[in-house]
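The values are calculated or read from the model by the stated rules, or taken from the named source; none is laboratory data. Values in this document were obtained by computation on a predicted structure and should not be read as measured data. We place every Cβ from the backbone using ideal geometry, glycine too, and count neighbours over all the protein chains shown. The area values use the complete protein model at the heavy-atom level, side chains included, leaving out ligands, DNA and RNA. Shrake-Rupley method; radii C 1.70, N 1.55, O 1.52, S 1.80 Å.
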Amino acid sequence: MPPLSILDLAPVVEGATTREALLNSLDLVKLADELGYQRYWVAEHHNMEGVASSATAVLIGQLAAASRRIRVGAGGIMLPNHAPLTIAEQFGTLAELFPGRIDLGLGRAPGTDRPTMRALRRSLETTGEDAFPNDVLELQSYLAPAADHAVVRAVPGQGTEVPIWLLGSSLYSAQLAAYLGLPFAFASHFAPDMLMQALQIYRSTYKPSARHPKPHAMVGLNVVVAPTDEEAQFLFTSAQQRFLGMVRGQRGKLPPPVSSMDALWSPAEKLQVQRMLNEAVVGSPETVRAGLAATRERTQADEFIVACAVHDHAARRRSYELLAGL
């Protein structure tokens, strides 16, 4: 099995508070550290009642301080929402405080809706997804060793060379990551349709870089492990309900599991949710072991990054414990 990492959206569950969600993340990163997971990433989303990781760099600092060994980072920062210099200073600060442990994954999407984009950026005229390649290059320059001619420098940041990853759910970021010689993570935990095509393009067009002579592809998966297949499928209904809300354009906290989804979705909605969750691996340890082996064989992933949207925090901890045991 390839190395395993964790993607945490700091889920705010029904019946609980945002504070509890953040404390759960601090608890989970300690467990992940002890269990030997490779990295622990949190993602930037905004205006979502069920996601508490919007101030991503702030949360990463707390997660890094609560752990000792594990790499901690962003999966990812939605770069169109920010000036590259601001991100260089934030992650440069983190790198100085926690040397050798900080990752910076970058996304091209806004991670929110259009009104929230305006609230974040103040103006949409001079920035956005179209500027993403140039923004990535500008950010790289701020984190690189200082150039004598540089008029603007990131302090902290300059010379920290925080590892940059490109994230994506389409072919665009796969192509850009290959062109720039950067590691690539595909968001197949919610948009798996183009997974195999993106991996093929990334590997076949990869241009080696000084820091990354070979391509490195990380695949995002929803994984829920429980003692039995039946319990795991029961716990997984929380994620299915969340994705059903996405299909309907509804946001909210993560709902508790239900005994059956049949009364909640129409046949068409069921198909949509199943398509979005097509790369999920759910079941007992034996079932999950076989599922991950098949996914590894098919994708040749260098690393899996695992999301686990389970309503009960104790069950989520147990899922990651059982997964690490594989």
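Springs between alpha-carbon atoms under 10 Å, Gaussian network over the chain: tell me which of 35, 271, 166 tops the mean-square fluctuations. Highest fluctuation among the options: 271. In the full protein context, the stretch 187-326 carries 47 Å² of accessible surface per residue, based on a 1.4 Å probe and ignoring ligands, DNA and RNA.
About the centre of its Cα atoms, the stretch 204-326 shows a dipole size close to 600 debye [charges on the beta carbon of Lys, Arg (+1) and Asp, Glu (-1) only; nearest 20 debye].
Put the Cα centre of the stretch 165-242 next to the Cα centre of the stretch 281-310 and the gap is 12 Å.
Across the stretch 70-80, rounded Karplus estimates of 3J(HN,Hα) from the backbone phi angles (6.51 cos²θ - 1.76 cosθ + 1.60, θ = phi - 60°) give 4, 6, 10, x, 9, x, x, 7, 8, 4, x Hz, Gly and Pro being marked x.
Enumerate the aspartates and glutamates that residue 30 could reach by cross-link, defined here as Cα to Cα under 20 Å, with residues fewer than 8 away along the same chain left out. Partners found: 8, 20, 103, 312, 321. Where (i) 0.95; (ii) 0.93; (iii) 0.99 are the candidate values, the label of the one calculated here for Rg/Rh (Cα atoms, Kirkwood Rh) is (i). Taken along the Cα-to-beta-carbon direction at a fixed 7 Å, the label points for residue 16 and residue 114 span 3.5 nm. Local charge for residue 89 was computed over the other residues whose Cβ lies under 11 Å away, with Lys and Arg +1 and Asp and Glu -1, and equals 0. Taking the accessible area of the chain, probe 1.4 Å, and keeping the other protein chains in place, the carbon and sulfur fraction comes to 53%. For the stretch 1-50, the solvent-accessible area works out to 41 Å² per residue, with a probe of 1.4 Å and every protein chain left in place.
Distances between placed amide hydrogens fall under 5 Å for residue 51 paired with 12, all partners being 5 or more residues away or on another chain.
What shape does the stretch 1-89 take by its C-alpha gyration tensor, where a ≥ b ≥ c are the square roots of the eigenvalues and a/c under 1.5 counts as rounded, a/b above b/c as prolate, and the rest as oblate? In terms of gyration-tensor shape, oblate.
For the stretch 282-299, backbone phi angles converted through the Karplus equation (6.51, -1.76, 1.60; θ = phi - 60°) give residue-by-residue couplings of 9, x, 5, x, 5, 5, 5, 4, 5, x, 5, 5, 5, 5, 4, 4, 6, 9 Hz, Gly and Pro being listed as x. With contributions of -39500 (n - 2.57) from each DSSP H run of at least four residues, the per-residue ellipticity at 222 nm computed over the chain stands at -13500 deg cm²/dmol.
Here the Gaussian network model covers the chain, with springs between Cα atoms less than 10 Å apart; of 222, 134, 278, 134 fluctuates the most.
Counting only heavy atoms of protein chains, what accessible area per residue, in Å², does the stretch 56-102 have with a probe of 1.4 Å?
36 Å²
The shape of the stretch 3-160 comes out oblate: with a ≥ b ≥ c from the C-alpha gyration tensor, a/c is at least 1.5 while a/b does not beat b/c. The string of couplings for the stretch 260-275 from the Karplus curve (6.51, -1.76, 1.60, θ = phi - 60°) is 8, 8, 4, 7, 9, 10, 7, x, 5, 5, 4, 4, 5, 5, 5, 5 Hz, one whole number per residue in order, with x for Gly and Pro. Taking the charge dipole of the chain about its Cα centre, with +1 at Lys and Arg Cβ atoms and -1 at Asp and Glu Cβ atoms, the residue from 88, 291, 76 reaching farthest to the positive side is 88. For the chain, the relative contact order comes to 19 percent (Cα pairs under 8 Å, sequence separation of at least 6).
For residue 270, a cut-off of 25 angstrom between C-alpha atoms picks up these lysines, skipping any fewer than 8 places away in its own chain: 253. For residue 281, the residues whose modelled amide H falls within less than 5 Å of its own, excluding neighbours fewer than 5 places apart on the same chain, are 222, 223, 224. Amide hydrogen proximity for residue 78: with H placed 1.01 Å from N in the peptide plane, the residues at 5 or more positions away or on another chain lying under 5 Å are 44, 107.
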